[in-house]
Amino acid sequence: MKAKITFAGGAGGPTGSNFLFETTGKKILIDCGMTQGGEEDEATNKLPFSYDPISIDALFVTHAHLDHIGRIPFLVKNGFRGKIYSTPPTRDIVELTFADAISIMEHDAEKKQTEPLYGREDVAEALSLWGTAEYGEKISISNDLNIVFHDAGHVLGSAMVEVKYGAKKMLFTGDLGNSPSPLLKDTEYVKGIDYLLMESVYGDREHEDLAERRNLLENIIKETIQKKGVLMVPIFSLERTQVLLYEINNMVEDGKIAEIPVFLDSPLGIKITEVYKKYKSYFNAATQAEIKGGDDIFKFPRLKFTEDVQDSKAIRSVPPPKIVVAGSGMSSGGRILHHEKDYLPNPNNTLLLIGYQAVGTPGRLIQDGQKQVKIYGEMVDVNARIAVINGYSAHRDTNGLLEFVEAMKDDVQKVFVVMGEMKASSFLSQRIHDYLGLKAFVPKKGESVELEF
Ligand SMILES: [Zn+2]
């Protein structure tokens, strides 16, 4: 038996995850994500799909980041009516993320006098097609095609997708967690995998370990307090926000840092934090024990959730030192821009980057040392300190990725290295080949391969 795999997206770059798995009778997709980055990259989201959406039987969603889900309503708009599957937390977070994304899109479209990529009716239709499955639960598409989710440990509800066709198995990793995570369980190792398609966002870089990143964060907060500055953290609403709150919660409760005002100025981040509270069984044992012991892990003195615009605006009048946590994670929109405009010119302030900054985004320009950035049409001087902690990334680093493959290497015949910048994917692919003696490939976007099953 043979299956054809097409790397429709998420190849040749870290975002836009979209893989097509075709057997003689069925067609399934893994993820249908948005390409993120500069304007040129994002323009590709409006291009037609390289396959006919009507012909797809089912879509499996690894997790709720936009680069894995962002084009699902567009798929529906183009005729897809198959079934969609994810874990229950992913579905909850997707619903919130789509609601947020559509508001931003409508706003942008109105400003630029264009049509949004999809409408609210497409989002509603997508959600009506959506079913859920827990980790380990078998989803049967046909007698010889079965799918199982495994815990990827990346964000709440994140899954790897195991596709069993005939006698063989292929694993699509989605994004792989930077285990051990402060909150989540470790990434599962899946046995008996013949073909592996894996992410490589940090394929050529190493992260600080857990203790080191905590120290770095603690020192940055202490410095902010000492200089009476403002610490701005542009952040992704999913996972990084909850991990950061949890870390600050522990530092405050352990008396390691003074109690200063901390604002979570992200309506989506606030809503997703509520989803985290709902799915406590997805947390690791230590965190579950902490919660049972009575600690509200997302609550500490002087933490304020500013969902309303008025409350958000009032942050400006609170004297420093203070910490402002806001979206978007790559400073390409969201409330963080207001704070950056106010606070980047002052050298007593710090901008802390704890997430991946895609090429072409304002966050990446700042990270690369640009001394001026354009915010709301105005040039703003960057005099604030720019600090980077990669250890809070929700992604495995190059060593973690290699270890993951190593744990499964006895059965694996071929590895496809995707979802990374070209140099990251190539570097990891080379390491997999050199250290583990496996056949590893970096496919191009749009390329197809035929595999024996
Ligand atoms: Zn992700």
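No lab work stands behind these numbers, since they all come straight from the coordinates. Everything numeric here is computed off the predicted structure, so don't read it as measured data. Ideal geometry is used to build each Cβ from the backbone, glycine not excepted, and the neighbour counts take in all protein chains shown.
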Original post:
Considering every Cα-Cα pair within segment 108-172, what fraction, in whole percent, is farther apart than 15 Å?
Top reply: 67
Subject >> Dipole moment magnitude, nearest 20 debye, segment 44-155 about Cα centre, only Lys, Arg, Asp, Glu C-beta charged >> reply: 200
Original post:
Ranked highest first by average number of other Cβ atoms within 10 Å, how do 203-211, 189-197, 372-380 line up?
Top reply: 189-197, 203-211, 372-380
Subject >> Helix 88-112 axis, angle to the chain major axis (alpha carbon atoms, nearest 10°) >> reply: 70
Original post:
For the pair Lys374 and Ser281, what calculated FRET efficiency results from E = 1/(1 + (r/R0)^6), where r is the Cβ-Cβ distance and R0 = 45 Å, to the nearest 0.05?
Top reply: 0.50
Subject >> aspartates and glutamates with Cα under 18 Å of Lys278, excluding same-chain neighbours fewer than 8 positions away >> reply: Asp92, Glu95, Glu134, Asp151, Glu239, Glu290, Asp295, Asp296
**OP:** Would you mind checking the tilt of helix 240-253 against the longest principal axis of the Cα atoms of the chain, expressed as 0 to 90 degrees and rounded to 10?
**Re:** 40
Subject >> DSSP-defined beta bridges in segment 210-392 - what % are antiparallel, rounded to 5 >> reply: 20
**OP:** Could you list, in their original order, any pairs among Lys164/Lys409; Lys112/Lys374; Lys26/Lys77; Lys409/Lys445 whose Cα atoms are separated by more than 23 Å?
**Re:** Lys409/Lys445
Subject >> Stretchable slack from Arg205 to Asp186, in nm (0.36 nm times residue separation minus alpha-carbon distance) >> reply: 4.8 nm
Original post:
In whole Å, how far is the Cα centre of segment 371-405 from that of segment 160-184?
Top reply: 25
**OP:** Kindly provide log₁₀ I(q)/I(0) values, in the same order as q = 0.10 Å⁻¹, from the Debye equation applied to equal alpha-carbon scatterers of the chain.
**Re:** -0.70
**OP:** Please order Val252, Val415 by the number of other Cβ within 10 Å, starting at the fewest.
**Re:** Val252, Val415
Original post:
Whole number please: convex hull volume per residue of the Cα set in segment 210-392, in Å³?
Top reply: 114
Subject >> Net lengthening on full extension, Glu39/Ser448 (0.36 nm per residue, minus Cα-Cα) >> reply: 144.6 nm
**OP:** Would you please state which residues of segment 262-300 a label at Glu253 would reach in this model, taking the label point 7 Å out along Cα→Cβ and a backbone N cut-off of under 11 Å?
**Re:** 287-300
Subject >> Inter-site label distance for Glu106 and Arg316 at 7 Å from Cα along Cβ, in nm >> reply: 2.6
**OP:** Compute the length gained on full extension between Tyr51 and Glu212: take 0.36 nm times their separation in residues and subtract their Cα-Cα distance, giving the result in nm to one decimal.
**Re:** 53.4 nm
Original post:
Remind me, relative contact order of the chain in percent, using alpha carbon pairs under 8 angstrom and six or more residues apart?
Top reply: 20
Subject >> Rough spin-label spacing in nm, given labels placed 7 Å along Cα→Cβ, for Glu223 and Gln413 >> reply: 5.2
**OP:** Any chance you could give the angle, 0 to 90 degrees and rounded to 10, that helix 267-278 forms with the longest Cα principal axis of the chain?
**Re:** 60
Original post:
When the helix-only estimate is applied to the chain (DSSP H runs of n ≥ 4, each -39,500 (n - 2.57), divided by the residue count), what is the mean residue ellipticity at 222 nm, nearest 500 deg cm²/dmol?
Top reply: -9500 deg cm²/dmol
